[in-house]
Amino acid sequence: MAAHIALRRSSKLLTRSYVSSSSSSSISRRFIRQMSMDTQGAAAELRSSGLLQTQGLIGGKWTDAYDKKTIEVCDPATGDVIVNVPCMGRRETNDAISSAYEAFKAWSKLTANERSKCLRKWYDLLIANKEQLGRLITLEQGKPLKEAVGEVSYGASFIEFYAEEAKRIYGDIIPPTLADRRLFVLKQPVGVVGAITPWNFPLAMITRKVGPALACGCTVVIKPSELTPLTALAAVELSLQAGIPPGAVNVVMGNASEIGDALLESPQVRKITFTGSTAVGKKLMAGAAGTVKKVSLELGGNAPCIVFDDADLDVAVKGSIAAKFRNSGQTCVCANRILVQEGIYEKFANSFTSAVQDLQVGNGFREGVSQGPLINEAAVQKVEKFIQDAVSKGANVRLGGKRHSLGMTFYEPTVISDVKSEMLLSREEVFGPVAPLLRFKTEEEAIQMANDTNAGLAAYVFTTNVQRSWRVSEALEYGLVGVNEGLISTEVAPFGGVKQSGLGREGSKYGMDEYLEVKYVCLGDMNRA
């Protein structure tokens, strides 16, 4: 924490801002004060609204850690401590599991219509509190306020969608092989669900899991990121207000390894759903084997964005920026590699760089800001490592390439050209505001380059050739493909990856299947001789 605070320094909001050495100190102090005032004002407003909860939720009761240990939740834009929350572990998690297990007995027996009404009320409350929830996301996660409010609408859409889908869980009647038998297929809730969610979408990654789980009749223990627990706590406070019964939704946070082990080891937890890194996903998958739990995993990506010579340049630039720089490049579906056909390479690179140069960096509460800070110092150091590797191997920094003059964890939107496949920027997720440009000659080469990775979450294609759009979309080894569009996530479509980007799907009608067991019933004729 001390190292995090020590990095605090500030300057102008614009990405391309230059401050003379004689005036930089006073300007830094002024912007530090301004950002800290934004933090304090937002926190005070949220406290008065009742949405700034600072305890875990077990069995409908707000609870401290049993040993009274706490962790700090900080504003990444300033390093200021917002609040302290409980640092929970195995004991609290076991109690949350027991609470969810008891609540499951009643919640799963409600009619689908009754569950649907509760979810609909939750959706209504999320929308009614959209602005406040957006401020909370900006406060603890850093993304610009407009983007944060957009996340609330997106996250709430899953609750609305699954409020409707709750009433559409259909079984089957199978034609029997013998005349005196009847064969039925039932779909029933799997049971208690452990939901482990990341910091980059602190609301939407929860609602995308909890919505279908509750709709199916499951109950949930949520483990949000220790970096962004406040949005989760606010969301579940609204779920209680909506009439979702105590114990149906629980929240524990703190010691990630202890909480994870408790969820994995408990036979009462019948499913794990996780969004996060591939490395952690593999550990959860292995740990779930001990009790043979159902597992759905949405893991890391290495998204290619392919721009063909025949692409509409304006559409390609706009779509590529949306796919790359949303949330400061901190999304699993961010364009990680921008592959540009050689005939349009320089023209695209110039237009793209010019557009990126206009992105405004700063505190997310400030008007006009389109890129906030990275989540922490480790994220900045990772970006620096990747850029140093690329430059040492011959890549050229066209724009950015260093920490922003605002200090803290702000980083300049960066464009790097002449990137090669052997560089870290091509092989791994940078998870930051860095756009690597790679050159290709043919459609076949683009497909080969795009698929040359263990990841397979999202991919993007820009072309005006309809036949090519079909060929390439079908050839790409990815779970999601956007054609002439950089923002493709929606509650009505299945979200998930192939290869080492995960298992299962979230969103859409297909997302319900992850929380249901299929039961076959054979009914014989009891009156037969």
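The values are calculated or read from the model by the stated rules, or taken from the named source; none is laboratory data. Values in this document were obtained by computation on a predicted structure and should not be read as measured data. Reconstructed Cβ throughout: ideal geometry from the backbone, glycine too, with neighbour counts over all protein chains shown. What goes into the accessible areas is simple: the full protein's heavy atoms, side chains included, and nothing from ligands, DNA or RNA. Shrake-Rupley method; radii C 1.70, N 1.55, O 1.52, S 1.80 Å.
Tabulated results
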read-out	value
Hits in segment 457-476 - residues which are closer than 17 Å to G319 by Cα, open to solvent by less than 50 Å² (accessible area, probe 1.4 Å) and not in a helix (DSSP H, G or I)	A458, A459, Y460, V461, F462, T463
Unique match (being at pLDDT 95 or above, on the phi > 0 side of the Ramachandran plot and either of a type in the set (S, T, N, Q) or in contact with a helix residue (DSSP H, G or I) (Cβ under 7 Å, 6 or more places away or on another chain) (or both)) among N327, N302	N327
Set E131, E147: member being acidic (D, E), more than 23 Å from A166 (Cα to Cα) and open to solvent by 50 Å² or more (accessible area, probe 1.4 Å)	E131
Matching residues in segment 354-368 - criterion: being at pLDDT 95 or above, open to solvent by 60 Å² or more (accessible area, probe 1.4 Å) and part of a loop (DSSP other than H, G, I, E, B)	D358
Condition met for G260 (outside the structural domain of T353 (by the TED database) and not in a helix (DSSP H, G or I))	no
Residues of segment 61-103 that turn out to be open to solvent by 40 Å² or more (accessible area, probe 1.4 Å) and of a type outside the set (G, A, S), as a count	17
Residues of segment 263-286 classified as assigned to a helix (DSSP H, G or I) and either open to solvent by 30 Å² or more (accessible area, probe 1.4 Å) or more than 16 Å from G502 (Cβ to Cβ) (or both), total	10
Restricting segment 377-401 to residues that are among the polar types (S, T, N, Q) and in a helix (DSSP H, G or I), the residue that is most open to solvent (accessible area, probe 1.4 Å)	Q388
Condition met for F410 (open to solvent by 30 Å² or more (accessible area, probe 1.4 Å), within 25 Å of D358 (Cα to Cα), hydrophobic (A, V, I, L, M, F, W, C) and under 22 Å from the mean Cα position of the chain (by Cα))	no
Verdict on E226 being within 18 Å of the chain's Cα centre (by Cα), farther than 19 Å from K167 by Cβ and open to solvent by 10 Å² or more (accessible area, probe 1.4 Å)	yes
Hits in segment 46-75 (condition: among the charged types (D, E, K, R) and over 26 Å from the mean Cα position of the chain (by Cα))	K61, D64, D67, K68, K69
